[in-house]
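Coordinate-derived values only; no laboratory data. Source: prediction; values computed, not measured. Virtual Cβ from ideal backbone geometry, glycine too; neighbours counted across all protein chains shown.
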Amino acid sequence: MFGRPFAELKRPASGVGAVPEASDLHPGRTGRDHLRVLACVAGVRPRRVQEMLTVVDLAAATDRRIASYSLGMRQRLGLAAALLGDPELLILDEPANGLDPEGVRWLRDFLRAFAAGGRSVLVSTHHRSEVALTVDDVVIVDRGRLVVDAPLSELVTESSSLEDVFLELTEAPAR
């Protein structure tokens, strides 16, 4: 990351924020407590916890146990955790999973604004039509092999969607 191994970053939370799995949360903790623990480990000021809960629209559920959160709420909590260190790069795996249509739109707008602020977002997803509304550049990996790394505008045309391009590039040859 940033030209060096991740383990060598002095303040990893300010470099990279990641949401690998929304179910990797202790069900007995509250959203606030979950973020407090992560903030402490990352050396992030405690005030940032409430700020991030507000950013992801979970301020009203701050003191509820995570076990009572919907999948969409857990996704938002994971995003709040990734944002604690004010990172330059966000890495998200299926970030729209479990979000209602309003939440998907909110996420899309949030990620666009995050990137417009000079930061980067790497999204791993199977929802190509949704991601085509959000991204500038596309990286397609198939069976561990880099297939394409190009601007979205070079891949998608009026007659071909990102899904069309993906299927064309990753279609297994007939045997």
For a quick check, take a GNM of the chain with Cα springs below 10 Å and name the residue from Glu94, Glu51, Glu102 with the largest mean-square fluctuation. Glu102
Cα-based Rg/(2.2 N^0.38 Å) for the chain, rounded to two decimals, is 1.13
What ranking of Met52, Met73 emerges when the number of other C-beta atoms within 10 Å of each C-beta is taken as an exposure proxy, fewest first? Met73, Met52
Pairwise label distance in nanometres, Glu158 with Phe114, each label 7 Å out on the Cα-Cβ vector: 3.4 nm
Once both axes come from the Cα atoms, what is the angle between helix 71-83 and the longest principal axis of the chain, in degrees from 0 to 90, rounded to 10? 80 degrees
What is the spin-label model distance, in nm, from Asn97 to Arg47 if the labels are put 7 Å beyond Cα along the C-beta direction? 3.5 nm
The chain, dipole about Cα centre (Lys/Arg Cβ +1, Asp/Glu Cβ -1), debye to the nearest 20: 1100 debye
Which residue, chosen from Leu71, Gly98, Ala60, occupies the Cα position most advanced towards the positive end of the dipole of the range 32-100, where the dipole is computed from +1 (Lys, Arg) and -1 (Asp, Glu) charges on Cβ about the Cα centre? Ala60
Taking every DSSP bridge whose two residues both lie in the range 14-135, the antiparallel percent to the nearest 5 is 10 percent
Summing -39500 (n - 2.57) over every DSSP H run of at least 4 residues in the chain and dividing by its residue count gives a helix-only mean residue ellipticity at 222 nm, to the nearest 500 deg cm²/dmol, of -11500 deg cm²/dmol
At His127 and Asp149, where each label point lies 7 Å from the Cα along Cα→Cβ, what is the point-to-point distance in nanometres? 2.7 nm
